[in-house]
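The values are calculated or read from the model by the stated rules, or taken from the named source; none is laboratory data. Keep in mind it's a predicted model, so treat the numbers as computed, not measured. Don't worry about glycine lacking a Cβ; one is built from the backbone with ideal geometry, like all the others, and counts go over all protein chains shown.
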């Protein structure tokens, strides 16, 4: 259940998967973020032959982009670069390739769908790479408990440093399934329906992806509740 890079045969999928392990944009300071965006933005406009007419327009559009990126806490540096690169190649279906804030939102949305598809492939590939020895339920329970308690410690440390903790992208729904199976996370039918409803913001996502997002959010909320009440999970699965 460790978050690690999985070898994928498809080169495009491999790039998307590897990009998720680079530094998140939300972890960059303002100067680092401005420098990264200015570089990618300038290269994009130069290659499309659509340079901005004046400096004021460039500054304004970059500032707007920085503000909009606050909605993409999942995004990493390399994912941002990939979005610009894929948009430049017309991989997001644009008939005319040019930068705008509206276009960036569309590119990011489609790229996020690609990320989810690739992460599912990575999970399947990871399962195939595992040893033939099937872990016992007790071993799975202990690993799930260890992982959850580790997240609690990391979040507490982040709070002490006055910064937001960001969970790794992908795989949290599997951790939810383990804790749910062992009766550590207990949700009512209504609570499950509520998580599904909140995750169903994109009608183009398949039901399986929506369910995974809902489980991932339920897992995060459970971990944050442990932090808020200064609790951890014992080896027997009890909250202490």
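Data table
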{"quantity": "Scope the stretch 8-36; condition assigned to a helix (DSSP H, G or I) and free of Cβ contacts under 8 Å to residues at least 40 places away in the same chain; matching residues", "calculated": "11, 12, 14, 30, 31, 32, 33, 34, 35"}
{"quantity": "Conditions (1) in a loop (DSSP other than H, G, I, E, B); (2) under 20 Å from residue 149 (Cβ atoms): number failed by residue 202", "calculated": "(2)"}
{"quantity": "Set 83, 59: member being outside any loop (DSSP other than H, G, I, E, B) and more than 20 Å from the chain's Cα centre (by Cα)", "calculated": "59"}
{"quantity": "Residue among 121, 109, 156 that alone is part of a helix (DSSP H, G or I) and in the same structural domain as residue 192 (by TED's automatic domain parsing)", "calculated": "156"}
{"quantity": "Residue within the stretch 148-158 that is farther than 28 Å from residue 118 by Cα and surrounded by 13 or more Cβ atoms within 10 Å (Cβ to Cβ) present", "calculated": "yes"}
